[in-house]
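Below is one structure, written out as structure tokens; comments come after it.
The values are calculated or read from the model by the stated rules, or taken from the named source; none is laboratory data. Just so you know, these numbers come straight off a predicted model, no measurement behind them. Here Cβ is always computed from backbone atoms with ideal geometry, including for glycine, and neighbour counts include all displayed protein chains. The accessibility values were calculated without ligands, DNA or RNA, using every heavy atom of the protein model including side chains. Shrake-Rupley method; radii C 1.70, N 1.55, O 1.52, S 1.80 Å.
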Amino acid sequence: MNRRQALGTLLGSSAVTSALRVEGLLAQETSVRATADTIYLNPAGGADTNSGAKDAPLRTLAEAARRVNQNDGTGAVTIILSEGIYAVGETTLIKPERRSFSKAQRLTIRAEVLPDDPDWNIGRMPTLIHTMPLPPTWNGRPDPLGGAANGMLIETSHVTVQGLKILGLPVVESPKPGLIRRLYGICRLRRDLEDLEVGQCLFAGDEVTNPNHVSIIANGNGVNVHHCIFRGMKISIVFWTGGSSGHTMRNCICDGVYGSGVWTAGIKDDFEYRNNVIMNGNYVWTYQGGASALADAGGRGGRQAAPTAAKSEQLIHYKIVDSYFANNRRLTGSGTGARLEYQDIDSSFLEIVGTKVTDQSIMLERDQTKRNYLHPVAGSEAATIGAGLFTKPMA
């Protein structure tokens, strides 16, 4: 006698049906729980009412974040995005209420196929294009410059973002004098957080069609950005907390960044800056004091104590190692807030080691069928720096 027949003998046919339905639901719930630490997304075939399993993916990153925020489990969580175009209609808020992560057990948001995988090509990168309405506020306070939006707002420690293509927001950035409407692609506001890694991502914008004001702006400690390409945005990365430590920017390419290749706001001198290629931009490096940045974060804005008034020896000194700067307008400047208010400053606060600075342009690979598309052409001097999306040498 099989199990169904035994149940029929004891309970009758209607009771058997109910019992088996409950059993099926429990099995399904167990399956969902077993895969809850890996959430899959697909912009074409997914639905936000699905479980998030590989065969029942979600559609939006915002919904995946809500699942993480409500989860009370332990251990690492991975959100996997399949290739395709994701219309980002709201901020992805990552703020777990009952779960915390660690350096070893972290939250990872990543592409299903990564640049080092043999079957990767640039067309397989999950592409996030921001389409949300632009509110007249930024982070809960009135914004005097016309409004701003966050793509991802990360409010927890120990997070990795890997292998994504992140585009801007199709607005007119300055439709009237005094307005600067802004997108912050990845934003971390809390100063008590640590350990944010962004790797192998392509950030792209266009001043006319989809401005990308700042790709990554982060408070707190331990912001590690590596093997990324920043193309056509205003500012690549803002390290925003004065006195913070443990930051890195390495193996990155900045091309046509019309504001600044990196922005430091009084961070400590342990900043690791190496193996970067910065080309065709305005400033390679913007220096802002920590107190000035804190005033900007509080919404007071405006120019504070201008770094141009300080002697070079009073500025925090940093080291640039094994990098390549080509055809940029200036090496260093100062700035404050979204208005930027750039001023040229003396670059002697930077120690430049093994780095080439030239007025000549770099040739990039323009053949989209090649793996090194948007990288310095193979065999060139700039290609030896090791900057770009690949953590392993290309075959």
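For the pair Thr137 and Lys54, what calculated FRET efficiency results from E = 1/(1 + (r/R0)^6), where r is the Cβ-Cβ distance and R0 = 45 Å, to the nearest 0.05? Display every interim value, and only then the final one.
Values: r = 38 Å, r/R0 = 0.84.
So the FRET efficiency works out to roughly 0.75.
Quick one: ranking Lys234, Lys268 by accessible area, 1.4 Å probe, largest first, what do you get? Spell out each step's value before the answer.
Values: Lys234 20, Lys268 105 Å².
Ranking Lys234, Lys268 by accessible area, largest first, yields Lys268, Lys234.
With a probe of 1.4 Å, find how much accessible area region 336-395 has per residue, and write the answer as a whole number in Å². Don't skip to the answer; put the middle values down first.
Numbers: 3580 Å² over 60 residues.
So region 336-395 comes to 60 Å² accessible per residue, rounded to a whole number.
Residue separation times 0.36 nm, minus the C-alpha to C-alpha distance between Ser245 and Arg366: what's the value? Walk me through the intermediate numbers first.
Working: separation 121, 0.36 × 121 = 43.56 nm, distance 3.72 nm.
Result: 39.8 nm gained on full extension.
Compute the Cα gyration tensor for region 335-395, then decide on rounded, prolate or oblate, letting a ≥ b ≥ c be the square roots of its eigenvalues: rounded whenever a/c is under 1.5, prolate when a/b is larger than b/c in the other cases, and oblate in all that remain. Please list the in-between numbers first.
Details: a/c = 2.47, a/b = 1.81, b/c = 1.37.
Prolate shape, in that a/c is at least 1.5 and a/b is the bigger ratio.
Stretch Thr358-Ser102 to full length: gain in nm at 0.36 nm per residue minus the Cα-Cα span? Walk me through the numbers on the way to the answer.
On the way: separation 256, 0.36 × 256 = 92.16 nm, distance 4.22 nm.
Length difference between fully extended and current span is 87.9 nm.
Which aspartates and glutamates, on any chain, are close to Lys370 with Cα under 16 Å apart, when same-chain ones fewer than 8 places away are left out?
Correct list for Lys370: Asp116, Asp117, Asp119.
Given the Cα-Cα distance of Asp117 and Ser348 and 0.36 nm per residue of separation, how much length would full extension add, in nm? If you can, show how the numbers build up before the last one.
Values: separation 231, 0.36 × 231 = 83.16 nm, distance 4.12 nm.
Separation in residues times 0.36 nm, less the Cα-Cα distance, equals 79.0 nm.
Just the number please: accessible area per residue for region 25-145, 1.4 Å probe, all protein chains included, in Å².
Details: 6150 Å² over 121 residues.
Per-residue value: 51 Å².
Counting only protein heavy atoms and a 1.4 Å probe, tell me what percentage of region 310-391's accessible area is made up of carbon and sulfur. Don't skip to the end; give the middle numbers.
On the way: 1960 of 4270 Å².
Within region 310-391, the accessible surface is 46 percent carbon and sulfur.
Can you list residues whose amide H is under 5 Å from Thr38's amide H, if they're 5+ apart or on another chain and H is modeled 1.01 Å from N?
Those lying under 5 Å, H to H, from Thr38 are Thr78.
For region 116-182, what % of the accessible area comes from carbon and sulfur atoms, probe 1.4 Å?
Details: 1560 of 2640 Å².
Roughly 59 percent, rounded to a whole number.
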